[in-house]
Amino acid sequence: MRPPLYTPLALLGTAALMTLALYATQGTAKPPAVWNWMDIIGEGGTALFAGVWLALILSSRPGGRVTTLLALGLGAITLGALADCLDEFWKIAPQAHWDHWLEGVLTPGGMLTLTVGLYFWRQEQFALNEHLLRRERLFREHRAFDRITQLANADYLRRQITLEQARAPDAPCALVLLDIDRFHLINREFGRAEGDRVLQALSHLLLLNLRNDDLLCRYAGDRFAVLLPETDDAAAQAIATTLRNAVEQLAWHTRSGARLALSARVVAAVADTSPGSLLDALNHAIEPAARRPGGALQAA
């Protein structure tokens, strides 16, 4: 959950005003003739930009350890740079050491805290990169995404089947087709928005049960397709069963609080024909099960 933006910024603003009041009440104002404008611009700019970076971090990240560390680090750097800047406007008595503490502790401490936050952000980004790798399947070029699930569409799947067959003609690759049972009833009873949420959740669930080199696509409607490089028929059937079981174990709760028991049908085949013929065969194999009455039907 993203923390309210105004709360930490209000705290930072309050701390900045307290720092300003401290210098104004405890220091002696310097005449403008002795102001060092280079230091004022450099230190004031540092404080300003650190505050802007803090606002950007808070407005774009969810709450948590990483966000807290980044916010604390940038907040301390902001206050430290502000103290350095205010030192150009007010002269502090030599026997008063609090200004040295402000300048000497806040900025280095903020940089240390920010560095720790960046380290954990780096670890977090590695996990996100792995997830993106599952989505992109090592392809970084622009391509068509499905608007709801952000998965590749059927046209991209056909192209990748052809590329995979050409890349490793002697290695088997396979295709799995997965269709959600009675998905139209979810749209009918709970609305299309709820159906879209189910599709989004299923896309994440299926990705978590696939290998990095596997390609998951939204083929059409409530039907997903998975291209499995260097996979024979037996391994493809096992992966198909794993995906079907994962769907059946998902406990989905609608926004209204209802619990939906999901199930799916799956079929798998080795991709040893043209993409069109392969997809036609899999669609034909999965369709009869879609027309059978009853509960959780299985095509594989």
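So is Leu54 closer than 17 Å to Thr107 by Cβ and assigned by TED's automatic domain parsing to the domain that holds Glu88 or not? Against the criterion (closer than 17 Å to Thr107 by Cβ and assigned by TED's automatic domain parsing to the domain that holds Glu88), Leu54 qualifies. When you go through (1) modelled with pLDDT of 90 or more; (2) surrounded by fewer than 13 Cβ atoms within 10 Å (Cβ to Cβ); (3) farther than 26 Å from Leu128 by Cα one by one for Ala76, which number turns out not to apply? For Ala76, the failing item is (2). Here Ala268 meets each of (1) within 25 Å of Ala166 (Cβ to Cβ); (2) loosely packed, with under 14 Cβ neighbours inside 10 Å with one exception, condition (2). Checking Trp37, Trp53 one by one, the residue that is among the hydrophobic types (A, V, I, L, M, F, W, C) and more than 30 Å from Leu128 (Cα to Cα) is Trp37 and no other. One residue alone among Tyr219, Tyr156 is part of a helix (DSSP H, G or I) and in contact with a strand residue (DSSP E or B) (Cβ under 7 Å, 6 or more places away or on another chain), and that residue is Tyr156. In segment 117-134, is there at least one residue being at pLDDT 85 or above, among the charged types (D, E, K, R) and crowded, with 17+ Cβ neighbours inside 10 Å? No, segment 117-134 has no match at all.
Residues are listed down the side, and each one gets a yes or a no for (1) more than 32 Å from the chain's Cα centre (by Cα); (2) at pLDDT 90 or above; (3) among the acidic types (Asp, Glu); (4) part of a strand (DSSP E or B):
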| site | (1), (2), (3), (4) |
| --- | --- |
| Thr7 | no, no, no, no |
| Thr14 | yes, yes, no, no |
| Met38 | yes, yes, no, no |
| Gly45 | no, yes, no, no |
| Val52 | no, yes, no, no |
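Of all residues in segment 159-196, those satisfying the criterion of being in a helix (DSSP H, G or I), of a type outside the set (A, V, I, L, M, F, W, C) and surrounded by fewer than 17 Cβ atoms within 10 Å (Cβ to Cβ) are Arg159, Thr162, Arg167, His184, Asn187, Arg188, Glu189, Arg192, Asp196. What are the residues in segment 256-289 that are of a type outside the set (D, E, K, R) and in a strand (DSSP E or B), if any? Leu260, Ala261, Ala264, Val266, Val267, Ala268, Ala269, Val270, listed by residue number.
The values are calculated or read from the model by the stated rules, or taken from the named source; none is laboratory data. Bear in mind the structure is a predicted one, so any value in this text is a computation, not a measurement. Here the Cβ is made from the backbone with ideal geometry for all residues, glycine too, and neighbour counts use every protein chain on show.
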